[in-house]
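Here the structure comes first, spelled out in C-alpha cells, and everything after it is commentary.
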Amino acid sequence: MVKLFVGGFPLDIEELELAKIVAVYGDISTLKIVRDKKTRVCKGYAFIEMVDRAGAEAAMEALDGTSFAGKVLSVKITEEPAVTRPKPGNFRPAPNRPPRPTGSDDRQRRPRRTIN
C-alpha cells in the first residue's frame, strides 16, 4: 500500500467526494481527512492509502497542481519513516539518569508530624 498526501482542497469537502476524485486512478484502501480536534473543522489536507503504487502515481501525476472548486490541489506520495521500537528485553534506561530504587525500603519518606 502507498500513502498519498492530498492538500489544498476546500474545507467543506466530504470523504466521499474526495474518494470519487482519487478512485478514478486506483483502488483506495483508507481515506482520512485531517480535522481540528476541538472544532472538527477540516484542516484542508488528507491522507489516502492506495492499494498499489501504480494507482498512487497515476493519481499524483493527474491531480497534482490541478484546480478543484477554486483551489489548487497538491498530491504527493508520502514516504513514512521506519518505526523503531525497542525489542522486548533490550530496553535500557537513558545513560544520564541514576538507576531507580528497587525496594520499598530505599525510597525516601517525609517525616511524620506529631499531633498533640
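FYI, it's all coordinate maths here, none of it is from the lab. Just so you know, these numbers come straight off a predicted model, no measurement behind them. All Cβ positions, even for glycine, are placed from backbone atoms using ideal geometry, and neighbour counts span all protein chains on display.
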Restraint check, Lys38/Lys76; Lys38/Lys71; Lys37/Lys76; Lys32/Lys76; Lys3/Lys37; Lys3/Lys32, Cα-Cα greater than 19 Å: Lys38/Lys76; Lys38/Lys71; Lys37/Lys76; Lys3/Lys37
Extended-chain gain in nm, criterion 0.36 nm per residue less alpha-carbon gap, Leu16 and Lys37: 5.5 nm
FRET efficiency, Thr30 to Lys76 (Cβ-Cβ, R0 22 Å, nearest 0.05): 0.85
